[in-house]
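Structure record follows, encoded as structure tokens.
Just so you know, all these numbers are worked out from the coordinates, no wet-lab data involved. It should be emphasised that the depicted structure is a prediction, and the values quoted were computed from it without experimental measurement. Neighbour counts are summed over all protein chains in view; Cβ atoms, including those assigned to glycine, are modelled from backbone coordinates with ideal geometry.
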Amino acid sequence: MTKLFGTDGIRGVAGEAPLDTRTIFAVGRAVGEFLREAGNTSGKVLLGEDTRESSPWVSGYLAGGLRAAGVECVSAGVLPTPGVAQLVRRDQFAAGLMVSASHNPYRDNGIKLIGANGMKLPDETEAHIEERIHALLVPPTAGLGSNLAPQEQKPPVEPGLAEEYIELLRRAVAGLDLSGLRLVVDCANGAASQVAPELLRRLGAQVTPIHAAPDGKNINLDCGALHPEALAAKVKEVGAEAGVAFDGDADRAMLVSSTGRVVDGDGVLLAAARWMKDNGTLKGGAVIGTVMANLGLEVALREAGLALVRTAVGDRYVLEEMLRRGANLGGEQSGHVIFLDDSPSGDGLLTALKMLRIVRERGASLDELTADLKVFPQVLKNVRVREKPPLEELPAVQRAIQEAEAALGKRGRVVVRYSGTEPLLRVMVEAESQADVERWTAHITGAVEETLVG
């Protein structure tokens with residue numbers, strides 16, 4: 001059976017398996033049946049979506065599947081993924097379903113499952129739901145939605161939910177006054193296009209929004225968190241003190257200083273960890289990151305008397321380790337940052353607000369807050385592959401990795417892993433010199449291409 005769930009839900013090209021209408025309907029029905037079996041007979045499911053042209057009909061078929069299982073759903077309409085997570089927990093929904101492919105191009109879409117606690121479902125729960133989906137599809141089950149009109153299945157958008165999310169964020173930074181602060185906000189033509197500028201203006205900031213006019217096809221297109229160069233140019237052009245860029249569903253944020261320098265998730269974790277340590281709110285004695293966190297972050301945290309604990313890539317694994325250790329700060333270099341005391345998931349808007357509060361309270365710029373973060377040269381190379389055999393079964397690739405690790409020793413790192421959401425093998429090399437990074441990246445990717453690309 002084809003595996004449906006990756007590290008962040010189900011993802012693919014909208015209209016093609018696993019995001020064809022029958023499978024989407026089966027996902028909704030399987031989730032609904034699972035909830036009913038678990039005893040949630042009266043609970044409702046909250047349904048959110050991003051701005052892709054496919055999101056409305058994907059939401060419609062999900063809603064139809066839920067209804068076929070006897071479960072009602074409420075539509076939040078276009079809302080960031082962390083907004084859905086927060087509202088599921090606060091308003092006691094049985095679960096949440098978010099229709100989004102995050103930072104992927106508009107042709108892709110996805111389905112993210114959120115538990116009643118506002119967190120992503122555990123792997124074992126997703127595996128159970130996946131088995132049920134396959135059981136519905138093979139052999140073909142009658143009435144799986146291929147002939148149903150999605151506009152008749154999708155409930156009307158519930159008014160006031162976006163407003164409730166904005167107020168939840170304001171309360172998380174109670175007292176924050178951004179009066180006089182000039183900000184540029186890159187909304188990636190995605191789910192933050194309405195709520196982010198509105199939120200920051202209410203806090204007093206002078207906001208210049210860019211890429212905040214979604215048309216269904218321009219989400220993430222040369223903009224947002226994956227392309228912060230557009231934000232950096234605009235910040236310098238208008239003389240803003242800072243800028244923030246979100247991705248398509250706004251669960252990550254990248255910041256830009258007044259000089260145009262990008263502050264990624266590593267910079268956020270460093271500034272936030274020191275601030276929280278100083279005010280006595282940092283828990284667990286460590287910051288939780290992933291194997292992709294730069295060595296420079298580890299060094300800077302160590303100098304501040306703090307440890308960096310690394311996990312596998314994926315905010316779900318960061319969160320699991322945070323819960324295990326009792327930590328309340330963790331995240332990824334990509335801009336997913338979890339402030340667990342305020343939200344159970346990475347939230348780009350919350351990350352921006354926390355960093356702006358630190359700027360205000362420290363009386364320092366983003367550049368000054370992260371000036372001592374020495375970033376080791378790092379290259380991440382993506383190799384498109386046809387299949388994903390276990391790396392330990394690829395002798396040539398293993399040999400190339402071992403040669404690189406032996407040469408770099410403690411002066412560098414090598415991370416080779418498959419993407420959980422795309423047909424890619426990611427090769428990351430980090431070292432003291434750019435020459436070493438480029439040499440060993442080429443060495444490993446060459447072995448990968450010979451083995452898996454041919």
request  = For every other residue with a beta carbon closer than 15 angstrom to the beta carbon of residue 10, add +1 if it is Lys or Arg and -1 if Asp or Glu, then tell me the sum.
outcome  = -3
ask   = Taking region 40-108 as the region of interest, what is the percent of Cα-Cα pairs per 5 angstrom bin, listed from the shortest bin to the one with the maximum distance?
value = 4, 19, 28, 23, 17, 7, 2, 0
note = Dividing the helical contributions, -39500 (n - 2.57) per DSSP H run of n ≥ 4, by the residues of the chain yields a 222 nm value, nearest 500 deg cm²/dmol, of -11500 deg cm²/dmol
request  = List the lysines whose Cα lies under 21 Å from the Cα of residue 120, skipping any in the same chain that are fewer than 8 positions away.
outcome  = 3, 44, 112
task = Quick one: of 154/388; 283/410; 234/283; 354/388; 283/374, which pairs are farther than 31 Å apart, Cα to Cα?
result = 154/388; 234/283; 354/388
Which of 185, 352, 433, positive extreme of dipole for the chain (C-beta unit charges) = 352
ask   = For region 233-279, what does the alpha-carbon gyration tensor say about shape, rounded, prolate or oblate, given a ≥ b ≥ c as the root eigenvalues, a/c under 1.5 as rounded, and a/b over b/c as prolate?
value = oblate
Which of 42, 257, 54 has the fewest Cβ neighbours within 10 Å, and the rest in rising order = 42, 54, 257
remark   = Percent relative contact order for region 355-454, counting Cα pairs under 8 Å at least six residues apart, stands at 35
key: For 134, 103, 336, 227, order by how many other beta-carbon atoms lie within 10 Å, fewest first   = 134, 227, 103, 336
message = Using square roots of five times the C-alpha gyration tensor eigenvalues, list the equivalent-ellipsoid semi-axes of region 162-375 in whole Å, biggest first.
response = 25, 18, 17
key: 10 Å Cβ shell holding at most 14 others, DSSP loop, trypsin sites (Lys or Arg not before Pro): longest site-free stretch of the chain   = 4-216
message = Please compute one quarter of the surface area of the Cα convex hull for region 147-203 and express it in square nanometres.
response = 5.6
note = Bounding extents of region 283-378 in its principal axis frame from Cα atoms, largest first in Å, are 34, 29, 23
key: Two-decimal ratio, region 5-159, of alpha-carbon radius of gyration to 2.2 N^0.38 Å   = 0.91
ask   = How would you classify the chain from its alpha-carbon gyration tensor, with a ≥ b ≥ c the square roots of the eigenvalues: rounded for a/c under 1.5, else prolate if a/b is greater than b/c, otherwise oblate?
value = oblate
task = Could you state the orientation-averaged shadow area of the convex hull built on the Cα atoms of region 378-453, in nm² to one decimal?
result = 4.5
